[in-house]
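The values are calculated or read from the model by the stated rules, or taken from the named source; none is laboratory data. This one's a predicted model, so the numbers in the text were calculated from it and none came from an experiment. FYI the Cβ positions are ideal-geometry reconstructions off the backbone, even for glycines, and counts take in every protein chain you see. The area values use the complete protein model at the heavy-atom level, side chains included, leaving out ligands, DNA and RNA. Shrake-Rupley method; radii C 1.70, N 1.55, O 1.52, S 1.80 Å.
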Amino acid sequence: MGRATAGSARRSRRGSAAASSPAGGSRRGRGKKADGSPAGPGAQAEPPGPGPFNLGAQSRRWAAFQERHRLSCEEAARLLLDAYEYKGLVKHTGGCHCGAVRFEVWASADLHVFNCNCSICTKKQNRHFIVPASRFKLLKGADNLTTYTFNTHRAQHTFCKTCGVQSFYTPRSNPDGYGIAPHCLDDGTVQTIVTEDINGKEWEKAVKEHKTIRDMSKP
């Protein structure tokens with residue numbers, strides 16, 4: 001992947017601009033293996049809880065908030081944490097064609113998408129935008145994913161075993177993040193897409209010269 005040349009950025013519009021307030025309600029937990037460790041891409045180990053905490057003067061306000069929105073304590077905390085940590089971002093949802101793989105990802109409504117011309121990206125038209133791992137959550141389908149690697153084996157090309165669609169993967173340029181296929185997102189949350197051409201045929205040179213691509217998986 002490399003630096004875009006003049007005129008390589010193309011702007012398109014997709015879907016409608018969405019109001020980006022984090023959604024309430026419960027979310028599915030990540031899958032775990034028999035030993036309690038997380039299973040599949042996007043799964044992370046759950047840290048130990050902080051234990052009981054004192055809300056002080058905010059106790060009544062907190063209880064009223066939960067009752068008004070019909071949320072459990074965990075759901076209310078998640079809602080407010082998401083609103084704080086992901087301020088200015090939109091929660092996109094998406095998945096594969098058959099529906100076996102589903103995910104959510106926090107990113108801008110205005111997406112910066114890479115169009116790489118390396119051998120595999122060309123064959124599967126792997127246009128993608130990059131996010132930190134902390135902003136991606138696999139909702140279901142960990143057991144329905146399989147992975148293809150080649151060459152350095154750093155890029156993890158994950159795709160659905162049933163329909164064959166790659167809706168996300170782990171890019172070689174950002175092994176600590178995820179590359180998300182914008183065409184696999186559900187309608188309604190993407191406002192604009194800017195596409196940057198990347199010279200993946202000279203991958204090492206291109207990534208070295210690019211000023212920002214390595215930082216896109218940093219929180």
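Here are a few things to note about the model shown:
- Flag if residue 124 is open to solvent by less than 50 Å² (accessible area, probe 1.4 Å), within 24 Å of residue 173 (Cβ to Cβ) and of a type in the set (D, E, K, R): no
- All positions within region 148-166 that are within 25 Å of residue 90 (Cα to Cα) and either more than 18 Å from the chain's Cα centre (by Cα) or open to solvent by 20 Å² or more (accessible area, probe 1.4 Å) (or both): 159, 165, 166
- Cβ-Cβ under 8 Å pairs, at least 6 apart or on other chains, region 120-132 side closer than 15 Å to residue 178 by Cα, far side surrounded by fewer than 16 Cβ atoms within 10 Å (Cβ to Cβ) and at pLDDT 90 or above: 127/183
- Residues satisfying the stated conditions in region 121-144, i.e. among the hydrophobic types (A, V, I, L, M, F, W, C) and either over 25 Å from residue 200 (Cα atoms) or assigned to a helix (DSSP H, G or I) (or both): 121, 133, 138, 139, 142
- Condition check for residue 65: among the aromatic types (Phe, Trp, Tyr) and either in a strand (DSSP E or B) or open to solvent by 70 Å² or more (accessible area, probe 1.4 Å) (or both): no
- Close contacts from region 191-209, counting a first residue that is open to solvent by 50 Å² or more (accessible area, probe 1.4 Å) and a second that is not in a loop (DSSP other than H, G, I, E, B), with Cβ to Cβ under 7 Å and a gap of 6+ residues or different chains, come to 191/110; 197/115; 199/206.
- Residue, most open to solvent (accessible area, probe 1.4 Å), within region 82-108, restricted to residues that are modelled with pLDDT under 95 and among the acidic types (Asp, Glu): 85
- Subset of region 210-219 that is within 13 Å of the chain's Cα centre (by Cα) and not polar (S, T, N, Q) - its residue that is surrounded by the most Cβ atoms within 10 Å (Cβ to Cβ): 216
- In region 190-199, the count of residues that are modelled with pLDDT of 95 or more and in contact with a Gly (Cβ under 6 Å, 6 or more places away or on another chain) is one or more.
- Here the condition is being open to solvent by 40 Å² or more (accessible area, probe 1.4 Å) and in contact with a strand residue (DSSP E or B) (Cβ under 9 Å, 6 or more places away or on another chain); of 139, 145, 111, it holds for 139 alone.
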